[in-house]
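Quick notes on the structure that follows.
Read-outs: derived from the displayed coordinates by stated rules, not from any lab. If you're wondering where the values come from, they're calculated on a predicted model, not measured in any experiment. For neighbour counting, all protein chains shown are included, and Cβ atoms are generated from backbone atoms with ideal geometry for every residue, glycine included.
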Amino acid sequence: MDSIFDIFLLEAVLNGLLLGGLLALLSLGLNLIFGVIDVVWICYAELIMVGMYAIWWLHSAHGVPLMLAFVLAIAFVAALGAAMHHFIVRPVLNAEPINQLLVTGGVLFLLQALATVAFGVEFRNIGVRLPGVNIGEMSFSLSRMVAFGVAAVAIAVTYLFLNRTYMGTAIRAISQDRTIMPLMGVNPSRVYLLTSAMGGGLAGLAACLLVLQYDVHPAIGLSFGPLTFLICVLGGLGNLVGGFVAAFVFAQFISVGGFFLQLEWGYVIAFVFFIMTMFWKPEGLLSKRR
Amino acid sequence: MRNLALVLLALAFAIPFTGVGNYPLHLMVMALLWSFIYTSWSIMGRLGLVSFGHGAFLGIGAYTVVMLWNLFGISPWIGTIVAIAITLVVAFLIGYPCFRFKIVGHYFALVTLALSEVTRLIIVGMRDITGGSLGVTPKSALSDGATWSLSAMQFSSKFVWFYLMLGCWLVALYVWHRVDRGMNRLALEAISEEEDAAASIGINVTRAKLSVTLLSATMTCIGGVLYAQYQSYVNPETVSGIGISLQMVFGVIAGGMFVMLGPTVGAIFLLVLSEGLRVLIGNDILGIDTTIYGLLLILFIIFMPKGILGAFLEKMRGGKGLGSSRI
């Protein structure tokens with residue numbers, strides 16, 4: 001009895017690890033945008049929803065090959081991210097922080113409603129389901145393993161881009177000091193636009209991975225949106241490494257908590273843990289205690 | 001000004017007797033209810049405590065009362081007291097550490113947002129007794145053609161609700177006014193400008209913030225009770241979670257956060273907008289009304305950051321600051 005129990009717990013832990021990779025990718029783009037532009041996109045998960053619909057529309061409705069649909073969707077959401085910055089965030093850059101949060105909240109409603117107008121409220125799926133993988137007595141979904149792998153590569157590439165390229169250095173510099181960098185010849189509005197496009201592209205990539213696991217519907221963003229930005233806050237807004245760690249911590253709470261209780265309670269435990277941690281380390285998990 | 005207000009108030013009291021239909025009366029009840037809730041939110045929101053978690057208090061109010069009534073037959077009046085007690089505990093547990101450890105700005109907004117999501121998930125998670133996402137209806141106490149039951153807080157006549165909501169709204173305005181005139185406002189305004197400096201001149205930051213938070217949360221909880229009893233139906237999505245919490249903030253911003261009647265104007269505006277779009281466009285194309293709604297909200301925040309009433313008053317006064325203006 002004991003050994004069976006342990007193997008299912010182990011399965012939950014490993015599934016949590018796989019989920020952690022995906023959550024880390026979800027929060028990476030949002031974190032990047034916040035770190036550089038200092039605005040939280042509450043609607044970030046809705047960009048992912050748009051990406052999922054783009055893939056469904058291209059692949060299932062118009063017969064575009066899946067890989068091409070993925071590439072086009074990533075490009076489309078990247079463009080959407082840039083447009084989001086240009087038309088919506090830029091005008092409120094100097095406004096009160098609450099207005100910045102709210103305007104992106106408005107985009108959340110808008111994108112949800114537009115998706116409803118365009119595609120209705122039905123659940124859509126692209127009809128591609130990867131098989132399960134059995135290791136010993138444990139079973140894992142292949143799509144989760146793929147998602148984990150792709151997320152790990154994407155995170156590594158983003159990290160190298162930020163640390164090894166000229167543009168990446170400019171992005172990091174601007175996030176450290178917004179007033180000095182323009183004097184050093186960095187054009188902040190270009191950096192902002194590029195970062196937003198990158199954030200959008202990462203959302204598009206996340207959409208590719210999610211569409212393999214979940215059906216898409218207009219409110220799907222709400223099921224993982226709050227989670228995404230809580231992970232960013234838990235890791236310390238703008239702290240990419242912290243967000244990475246926080247994603248795995250959160251995923252374990254959800255997976256193991258969901259194993260002992262129901263899935264909602266896994267989320268509840270994760271959220272309560274989040275609130276407690278905020279009191280203990282307000283600047284994020286990896287911050288030094290004040 | 002005062003006379004004008006009294007005349008308008010007298011007119012408001014007379015409205016149900018002018019023979020308006022059920023639908024306009026329903027709209028007015030809803031406008032008063034949301035005005036009450038938005039005003040409750042703005043009591044702390046305008047002082048720099050931007051909470052995205054008021055959906056939690058609304059949900060606690062609505063669900064505590066309905067659950068106690070349905071499961072144990074406890075009168076909603078006693079249920080309200082229980083709900084307020086729970087709200088005070090929750091608001092304290094969140095507020096005290098937040099204020100003690102100086103969690104402000106984005107972080108405060110997101111912590112409170114987590115709170116409202118937790119509330120929604122707990123309601124959904126307890127689906128065996130709460131009905132989960134399907135929502136729940138309070139058991140009717142109106143048998144044998146009775147039109148009202150005071151102990152069950154159920155009234156089939158909209159008249160009663162109109163006066164109840166009107167009374168609550170007026171109390172909320174009075175509270176807003178008292179807070180506005182009180183020392184606490186000056187303290188909190190100083191805090192929202194520069195917290196450390198305020199603390200250095202002897203302001204007890206934690207206490208000042210906590211008192212206004214508990215007040216605002218309690219009033220929002222009462223709003224949740226009224227909503228549940230008036231609608232006779234609650235659903236976790238409509239009384240808790242991210243959607244309603246954002247809508248509250250939107251309403252206040254759209255009306256004008258820094259003037260007494262701003263939240264009221266915002267509530268009426270949002271109600272007229274959503275009902276108007278629903279009636280004008282109908283249900284032929286699903287989602288088109290919310291598309292326009294979302295678009296307008298974005299435009300509003302970009303082009304009219306001070307809200308309808310705020311911008312109007314500013315224009316009338318020739319562009320003077322609104323920090324301490326009153327209406």
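Values computed for the structure shown
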{"quantity": "Per-residue HN-Hα couplings for the stretch A:176-192 [Karplus 6.51, -1.76, 1.60; θ = phi - 60°; Hz; x = Gly/Pro]", "calculated": "8, 8, 6, 8, 7, 4, x, 5, 8, x, 9, 8, x, 5, 5, 4, 4"}
{"quantity": "Dipole of the stretch A:38-218, positive direction: furthest Cα of A:Val153, A:Ala95, A:Phe109, with charges on the beta-carbon", "calculated": "A:Val153"}
{"quantity": "Tail weight of P(r) past 28 Å, computed on alpha-carbon pairs of chain A, percent", "calculated": "38"}
{"quantity": "Exercise: per-residue mean of other protein chain Cβ atoms within 10 Å, A:92-105", "calculated": "6"}
{"quantity": "Estimated FRET transfer efficiency when R0 is 35 angstrom, pair B:Ile86-B:Arg207 (beta carbons, to 0.05)", "calculated": "0.95"}
{"quantity": "Contour excess over end-to-end distance, with Cα ends at A:Val146 and A:Val272 and 0.36 nm allotted per residue", "calculated": "42.4 nm"}
{"quantity": "Peptide ranges B:173-184, A:81-92 listed from the most packed, as the mean C-beta count within 10 angstrom indicates", "calculated": "A:81-92, B:173-184"}
{"quantity": "Pair-distance profile P(r), taking every C-alpha pair of the stretch B:250-308, with 10 angstrom steps and integer %", "calculated": "26, 47, 23, 4"}
{"quantity": "Fewest-first sequence of B:Cys168, B:Cys221 by Cβ atoms within 10 Å of each Cβ", "calculated": "B:Cys168, B:Cys221"}
{"quantity": "FRET efficiency for B:Val175 and A:Asp177, using Cβ-Cβ distance with R0 set to 56 Å, rounded to 0.05", "calculated": "0.80"}
{"quantity": "Protection-proxy order for peptides B:195-206, A:17-28, each taking the mean of Cβ atoms within 10 Å per residue, highest first", "calculated": "A:17-28, B:195-206"}
{"quantity": "Distance in nm between pseudo-label sites at B:Ser133 and A:Val117 (7 Å out along the Cβ direction from Cα)", "calculated": "2.5"}
{"quantity": "Pairwise Lys count, the protein assembly as shown - Cα closer than 21 Å, eight or more residues apart or different chains", "calculated": "7"}
{"quantity": "Of B:Ile253, B:Ile43, B:Ile281, the one that fluctuates the most in a GNM where chain B has Cα springs shorter than 10 Å", "calculated": "B:Ile281"}
{"quantity": "Separation of the B:Ser156 and A:Glu96 label points, Cα + 7 Å toward Cβ, nm", "calculated": "4.6"}
{"quantity": "Amide H contacts of A:Ser141 (H built 1.01 Å from N, under 5 Å, at least 5 apart or other chain)", "calculated": "A:Val133"}
{"quantity": "Cβ-based exposure ranking for B:Phe269, A:Phe229, in which fewest neighbours within 10 Å come first", "calculated": "B:Phe269, A:Phe229"}
{"quantity": "20 Å binning of all Cα-Cα separations within chain B, expressed as whole percents from 0 upward", "calculated": "30, 60, 10, 0"}
{"quantity": "Range of Cα positions in the protein assembly as shown per principal axis (Å), largest first", "calculated": "71, 64, 50"}
{"quantity": "Highest-MSF residue in chain B out of B:Phe159, B:Phe108, B:Phe258 [GNM, Cα springs under 10 Å]", "calculated": "B:Phe159"}
{"quantity": "Under Karplus coefficients 6.51, -1.76 and 1.60, residue-wise ³J(HN,Hα) of the stretch B:241-249 in Hz, glycine/proline x", "calculated": "x, 6, x, 5, 5, 5, 4, 4, 5"}
{"quantity": "Residue order, fewest to most beta carbons within 10 Å, for A:Val13, A:Val191", "calculated": "A:Val13, A:Val191"}
{"quantity": "Residues with amide H under 5 Å from that of B:Gln154, placed H, sequence gap 5 or more", "calculated": "B:Ser149"}
{"quantity": "Top of B:Leu299, B:Leu49, B:Leu164 by mean-square fluctuation, Gaussian network on chain B, Cα under 10 Å", "calculated": "B:Leu299"}
{"quantity": "³J(HN,Hα), Karplus 6.51/-1.76/1.60, whole Hz, each residue of the stretch A:110-116, x for Gly, Pro", "calculated": "4, 5, 4, 5, 4, 5, 5"}
{"quantity": "Value of relative contact order over chain B, rounded to a whole percent, pairs C-alpha under 8 Å and six or more apart", "calculated": "29"}
{"quantity": "Per-residue average of Cβ from other chains inside 10 Å of B:288-300", "calculated": "6"}
